[in-house]
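Since the structure comes first, as structure tokens, the remarks are kept for the end.
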Amino acid sequence: FYGPFIFTWLYRGMFDPGLLKAARVLADLSQKALAEEAGIGSATLVEMEAGRSRPQPETVLAVMSALERHGVQIRDGAVRRLSDRIRFIEGDDCYLKLLEDVGTSLAGKPKAELLIFFGDDAKSPPDVVKAYRKLRLAGIRMRQLVEQGNDFLMGETHEYRYAPKDYFLNRVCTVYGDKIAMVTKTDVKRIIVINDAELAEMQRNLFMWLWSISPQPSETHATERF
């Protein structure tokens, strides 16, 4: 009973094969890239774009989800961009892309600052360290909450505060400008970026409160510095 109903809803409400190609182009994806993102075969996508197939609802949802992760939606007979308020950065280099956005978002702003919840400099690969240095050279200040007892600190000790071991989880959350970014635990490396001034201010206030009640490290034994 539900199968035909869901299929009809998908096609009438959120998916029109004739608009799929336009949506893919707007998302700046090749057929191969979109098929891989959705976890389907390229031939299946070609048939869908041509309107020659009747794919299963789960296939349609997979394609729609892939497009939405790239900021494009098909709905009510139209292709449209999703709001820039929430977006995803995916891939092995997602954190590097995030730091590029930090640099772009804070460029030229007075008192520019990157706040990092639950960082660990020892786990930062060379490319990330290089990106941090680039931000610092651009005048962007960094402050981090790190695990109590961690003495591998690549910045000056006054840039760090200790978070209790019982509450520390190396799942980084950052605050910069009007944005919050959170690393999520999924099958693929993914970061959620929320562009919301009030939420960013709330998260910044939380960081500042924790900063104000947390101890400052007294020394660092990092073999490399920013």
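Structure above, values below:
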item	result
Checklist (1) loosely packed, with under 12 Cβ neighbours inside 10 Å; (2) in contact with a His (Cβ under 7 Å, 6 or more places away or on another chain) applied to PRO164, failing item	(2)
Qualifying position, being within 30 Å of ILE180 (Cβ to Cβ) and at pLDDT 80 or above, among ALA22, ALA27	ALA27
From the options GLU36, GLU49, residue that is at pLDDT 90 or above and farther than 24 Å from GLU90 by Cα	GLU49
Residue in the range 162-180 that is within 22 Å of THR223 (Cβ to Cβ), modelled with pLDDT of 95 or more, in contact with a helix residue (DSSP H, G or I) (Cβ under 9 Å, 6 or more places away or on another chain) and outside any helix (DSSP H, G or I) present	yes
Total residues in the range 183-209, condition at pLDDT 95 or above and either part of a loop (DSSP other than H, G, I, E, B) or small (Gly, Ala, Ser) (or both)	1
Conditions (1) in the same structural domain as GLY139 (by TED's automatic domain parsing); (2) in contact (Cβ under 8 Å) with a residue 24 or more places away in the chain; number of the one not met by GLU219	(1)
Matching residues in the range 99-126 - criterion: being more than 17 Å from GLY177 (Cβ to Cβ) and surrounded by 12 or more Cβ atoms within 10 Å (Cβ to Cβ)	PHE118, GLY119, ASP120, ASP121, ALA122, SER124
Inter-residue pairs, beta-carbon under 6 Å, first surrounded by fewer than 12 Cβ atoms within 10 Å (Cβ to Cβ) and at pLDDT 80 or above and in the range 77-98, second assigned to a loop (DSSP other than H, G, I, E, B) and of a type in the set (Asp, Glu), 6+ apart	none
Pairs, first on the phi > 0 side of the Ramachandran plot in the range 134-153, second surrounded by 15 or more Cβ atoms within 10 Å (Cβ to Cβ) and assigned to a strand (DSSP E or B), C-beta under 8 Å, six or more apart	GLY149/TYR162
Residue in the range 57-74 that is surrounded by 16 or more Cβ atoms within 10 Å (Cβ to Cβ), in a strand (DSSP E or B) and of a type outside the set (Val, Ile, Thr) present	yes
Leading residue by the ranking (nearest to VAL183 (Cα to Cα)) among those in the range 72-91 that are out of contact with any helix residue (DSSP H, G or I) (no Cβ under 6 Å at 6 or more places or on another chain) and of a type in the set (Lys, Arg)	ARG87
Candidates LEU135, LEU145 - the one that is in a helix (DSSP H, G or I) and either among the aliphatic types (A, V, I, L, M) or exposed (fewer than 14 other Cβ atoms within 10 Å of the Cβ) (or both)	LEU135
Set SER212, SER218: member being touching a helix residue (DSSP H, G or I) at 6+ places or on another chain (Cβ under 7 Å), loosely packed, with under 14 Cβ neighbours inside 10 Å and either assigned to a loop (DSSP other than H, G, I, E, B) or not aromatic (Phe, Trp, Tyr) (or both)	SER218
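The values are calculated or read from the model by the stated rules, or taken from the named source; none is laboratory data. Computed from a predicted structure; not experimentally measured. FYI the Cβ positions are ideal-geometry reconstructions off the backbone, even for glycines, and counts take in every protein chain you see.
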